[in-house]
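First the structure, in the form of structure tokens, and then the observations on it.
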Amino acid sequence: MVYLHCLPPSFEPRVSDHMPQIIDMIERILENGYAYRIDGDVYFSVDKLPEYGRLSGRKLEDNRAGERVAVDSRKKNPADFALWKSAKEGEPFWDSPWGPGRPGWHIECSAMSAAYLGHSFDIHGGGMDLVFPHHENEIAQSCAACRDSNISYWVHNGFVTIDSEKMSKSLGNFFTIRQVIDLYHPLALRLFLLGTHYRSPVNYSDVQLESASERIFYIYQTLHDCENILSQHRVAFEKDAIPPDTINDINKFHDTFVTSMSDDLHTPVLLSALSDPLKTINDMLHTRKGKKQTKRIESIAALEKMVRNALMVLGLMPQTYNEALQQLREKALRRAKLTEDQILQKIEERTVARKDKDYEKSDAIRKDLAALGIALMDSPDGTSWRPAIPLALQEQQVAST
């Protein structure tokens with residue numbers, strides 16, 4: 001999570017440390033007439049709460065009992081769910097007013113969130129599979145314990161699929177974040193995830209990760225080049241110092257930023273909107289026409305600051321651009337199963353071939369490296385390399401679109 005730039009939780013509570021709060025909430029639910037006792041068990045009565053089903057949109061008559069356990073014939077309604085279960089042999093248990101037992105599946109979340117956040121708070125998250133029954137039952141028991149209980153926003157994320165097939169251990173297509181970031185930069189993975197709206201399914205594939213790696217390398221290289229040129233100039237940020245065209249570009253991006261992020265965190269739109277300012281920066285840095293623009297340095301400085309601020313909000317800012325670029329190169333080498341010395345040797349062989357006008361060999365070396373995800377770039381200063389999408393995956397990407 002640290003590598004992915006995820007902020008740490010303020011609290012990471014354990015259920016077993018909050019048994020008094022859980023028992024207290026169940027007692028309040030009973031006192032308020034929303035639950036009943038049977039032989040050491042305590043069940044929530046869904047019939048007592050007319051608004052039950054408001055999150056999922058289900059009607060009470062459509063609800064089935066939970067699929068995790070067999071239906072208990074003692075329940076008043078098959079949809080009633082357990083707040084407390086009496087102890088079974090071999091299971092952990094705690095003492096309670098209803099005898100030894102353990103909490104039901106849902107009550108722990110209501111009790112612990114109330115303990116740390118209060119009965120009303122802003123955002124409650126989870127996977128889309130938790131809308132019903134888990135979050136529906138959380139709402140029911142929280143409101144039964146405290147009528148003022150309220151969540152402002154429910155945030156449910158989509159599933160991960162692998163090449164359009166659901167990820168699962170049974171299908172053998174299951175892997176961990178640690179395995180992914182062994183081959184790809186953590187911030188490339190973060191960029192990939194932000195490229196899909198959080199409520200939508202995320203389709204994981206090698207070509208998607210390669211594309212995200214190439215994209216984030218381009219972003220950091222552009223900003224690194226900005227740093228290099230800006231370090232040679234002292235730039236004033238007075239409003240009059242920035243050309244009107246650049247101000248218009250900044251205002252347009254700001255409007256897109258606010259609109260897309262205010263629209264249920266629509267990060268794909270924001271990432272797409274970064275393309276124009278990054279292209280403008282590169283034009284000003286590297287093209288003959290761009291280098292002739294009036295107040296070019298002031299424009300580069302203003303656009304760089306704008307992009308950097310967006311990356312900070314998205315959690316995509318590295319410690320330094322140079323360090324991130326080097327790490328991205330190292331991951332690319334690992335995927336290609338090459339060392340940098342081997343690539344430099346190939347570059348030297350290609351340089352000799354070009355001097356000898358052996359263009360067939362020169363092209364073959366470039367193509368062999370491109371097949372492994374290593375792109376060669378020629379300039380007046382010589383040949384350098386950068387990570388790229390391997391040729392076979394590029395062809396796959398073209399075919400799919």
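The values are calculated or read from the model by the stated rules, or taken from the named source; none is laboratory data. Since we're looking at a predicted model, the values are computed, not measured. Here Cβ is always computed from backbone atoms with ideal geometry, including for glycine, and neighbour counts include all displayed protein chains. In case anyone asks, the SASA skips ligands and DNA or RNA and just uses the protein heavy atoms, side chains included. Shrake-Rupley method; radii C 1.70, N 1.55, O 1.52, S 1.80 Å.
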* May I ask you to rank Phe217, Phe132, Phe174 by accessible area, largest first, using a 1.4 Å probe over the protein chains only? => Phe174, Phe132, Phe217
* **HN-Hα J in Hz across segment 339-354 - Karplus 6.51, -1.76, 1.60, θ = phi - 60°, x for Gly and Pro** => 9, 5, 4, 5, 5, 4, 5, 5, 4, 5, 4, 5, 4, 4, 4, 5
* May I have the pair-distance distribution P(r) for segment 18-133, computed from all Cα-Cα distances with 10 Å bins from 0 and rounded to whole percent? => 12, 42, 38, 8, 0
* Can you list the residues, at least 5 places off or on another chain, whose amide H is less than 5 Å from the amide H of Val160, using H built in the peptide plane? -> Met167, Val202
* Asked: Dipole size in debye (nearest 20) for the chain around its Cα centre, Lys and Arg Cβ +1, Asp and Glu Cβ -1?
  -> 820 debye
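If you roll a 1.4 Å probe over the chain with all protein chains in place, what percent of the accessible area is carbon or sulfur? Please report the intermediate quantities before stating the final value.
Values: 11790 of 23100 Å².
Ligands and nucleic acids excluded, carbon and sulfur give 51 percent.
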* Report the full-extension gain for the segment Lys291 to Trp105: residue separation times 0.36 nm, less the Cα-Cα distance, to one decimal in nm. => 60.6 nm
* **Those lysines that a straight Cα-Cα span of less than 26 Å connects to Lys357, excepting residues fewer than 8 apart in one chain** => Lys346, Lys367
* How much accessible area per residue does segment 12-132 have, in Å², with a 1.4 Å probe? -> 57 Å²
* Structure fact -> With the charge dipole of the chain built from beta-carbon charges (+1 for Lys and Arg, -1 for Asp and Glu) about the Cα centre, the Cα from Pro380, Ser299, Phe44 projecting farthest to the positive end belongs to Pro380
* Asked: Cα to Cα, under 29 Å, and not fewer than 8 places away if on the same chain: which lysines meet these conditions relative to Lys76?
  -> Lys48, Lys59, Lys85, Lys88
* **Solvent-accessible ranking of Ile107, Ile247, largest area first, probe 1.4 Å** => Ile247, Ile107
* Kindly provide the Kirkwood hydrodynamic radius of segment 261-401 in Å, to one decimal, from all pairs of distinct alpha carbon atoms. => 18.1 Å
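Under 8 Å for C-alpha pairs, at least 6 residues apart: give me the relative contact order for the chain, rounded to a whole percent. Show your work: numbers first, answer last.
Numbers: 463 pairs, mean separation 49.5, N = 401.
Over the chain, the number comes to 12 percent.
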* Asked: What number comes out for the charge environment of Gln396, summing +1 per Lys or Arg and -1 per Asp or Glu over other residues with Cβ under 11 Å away?
  -> -4
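Could you tell me what percent of the DSSP beta bridges with both partners in segment 103-191 are antiparallel, to the nearest 5?
Numbers: 2 of 9 bridges.
Taking every DSSP beta bridge with both residues in segment 103-191, the antiparallel ones total about 20 percent.
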* To do: Divide by every residue of the chain the summed helix terms, -39500 (n - 2.57) for each DSSP H run of at least 4, and state the resulting mean residue ellipticity at 222 nm, rounded to the nearest 500 deg cm²/dmol.
  => -15000 deg cm²/dmol
* Structure fact -> At q = 0.07, 0.10 1/Å the base-10 log of I(q)/I(0) from the Debye formula over the alpha-carbon atoms of the chain is -0.51, -0.85
* Which residues' amide hydrogens lie under 5 Å from the amide hydrogen of Trp84, considering only partners 5 or more residues apart or on another chain, with H built in the peptide plane? -> Val42, Gly104
* Asked: What are the residues whose amide H is under 5 Å from the amide H of Ser120, where those residues sit 5 or more places off or on another chain and H is modelled from the backbone?
  -> Asn150
